[in-house]
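Read through the structure below, which is laid out as structure tokens, and then see the notes.
The values are calculated or read from the model by the stated rules, or taken from the named source; none is laboratory data. Keep in mind it's a predicted model, so treat the numbers as computed, not measured. Glycine gets a Cβ as well: all are built from the backbone with ideal geometry, and neighbour counts include every protein chain shown.
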Amino acid sequence: MKILVTNDDGYAYRGIQTLVEILRPLGDITVVCPKYHQSGTSMAVSMGFKPIAVKQFKTSPEPWYYVDATPSSCVKYALDEVYTDGAPDLVVSGINHGMNVGSAALYSGTLGACREAALAGVPAVGISLDSFQPDADFSAIARMFPDILLRLLKLGSGKYGTYYNVNFPDLPERQIKGIRFGKQGIQHWVKEFRPYDHRAFSDYVILPEAVGRIRIPEIEADEKVYMMAGDMVGDPRNTSDCDNILLEEGYIAIAPLTIDSTDYEELELLKKAF
């Protein structure tokens, strides 16, 4: 099995390095991931005739490439320039530092890479751990994810456009209650614009070299500088089978998602009404 591994945190993060170790026994791995931190980029692509730097920097036991671009662009590069003899059998994106449940999935660069793969007809799985800590414990993922992945590939429908969003709670393996399948929950952020403070990056496992690339623009008179770092708030419409609720309760939450954004109930309503 040919497996493309990517993420949105960048090549230097423990999450993707751990994921490669986990997946190595399952197939032939190639890593194509962002050079720098790309959280919150969703399915954005690096368009606009921007120069995009690419480097192959590790050749053993698997090739590693970084692309100075978004996760979705990394998948595009891999499909266009690396897998020239045929697409990979699977794309796995992660391990993301921080959860990607509920509405966070809409913004996630981790899952943006999965959507890009699904758009190209390649099965894809995103995996996240609900922890921003630099020393996050990936041991439960290391022991449990390979079996979860193989079962998803075996039992899933393989339908075009479907991809899987897997979230692990930040718990020791013995405290994880089990695996639950659920739907995408409803959440939103509040108080998102906060005064810029570079010290906040240490709370989000952003490496110093990534912080160094963040340029504060020249401040004109009467301008203020903010950063987006809000608080996540749940929604009363959430039910017990929403992925964000399942994760909070200590389960591994898996949501099958799709690139098709059509509201079919609304579509039928409009067809009948016009």
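Given the options 105, 12, name the one that is of a type outside the set (Lys, Arg) and surrounded by 22 or more Cβ atoms within 10 Å (Cβ to Cβ). Matching residue, one of 105, 12: 105. Residues of the range 229-249 being modelled with pLDDT of 95 or more and either surrounded by 15 or more Cβ atoms within 10 Å (Cβ to Cβ) or of a type in the set (D, E, K, R) (or both), which ones? Listed by number, the residues that qualify are 241, 242, 243, 244, 245, 246, 247, 248, 249.
Only one of these is in contact with a Cys (Cβ under 8 Å, 6 or more places away or on another chain) and either over 27 Å from residue 137 (Cα atoms) or among the β-branched types (Val, Ile, Thr) (or both): 29, 16. Name it. Even if it seems obvious, please write down each step before you answer.
Working: 29 fails: in contact with a Cys (Cβ under 8 Å, 6 or more places away or on another chain).
Selected residue: 16, the only one of 29, 16 that is in contact with a Cys (Cβ under 8 Å, 6 or more places away or on another chain) and either over 27 Å from residue 137 (Cα atoms) or among the β-branched types (Val, Ile, Thr) (or both).
Among the residues of the range 173-196, the ones that are more than 16 Å from residue 104 (Cβ to Cβ) and part of a strand (DSSP E or B) come to 7 in all.
Does the range 84-102 hold any residues that are crowded, with 24+ Cβ neighbours inside 10 Å and either touching a Pro at 6+ places or on another chain (Cβ under 8 Å) or within 20 Å of residue 138 (Cα to Cα) (or both), and which are they? Scanning the range 84-102 gives 91, 92, 93, 94, 95, 96, 97, 99, 100, 101. Among residues of the range 81-106 that are not assigned by TED's automatic domain parsing to the domain that holds residue 121, none has a beta-carbon under 6 Å from a residue that is assigned to a loop (DSSP other than H, G, I, E, B) and not acidic (Asp, Glu) at least six positions away or on a different chain.
Taking the condition crowded, with 23+ Cβ neighbours inside 10 Å, touching a helix residue (DSSP H, G or I) at 6+ places or on another chain (Cβ under 6 Å), hydrophobic (A, V, I, L, M, F, W, C) and not in a loop (DSSP other than H, G, I, E, B), does residue 140 pass?
On the way: crowded, with 23+ Cβ neighbours inside 10 Å: no; touching a helix residue (DSSP H, G or I) at 6+ places or on another chain (Cβ under 6 Å): yes; hydrophobic (A, V, I, L, M, F, W, C): yes; not in a loop (DSSP other than H, G, I, E, B): yes.
No, not satisfied.
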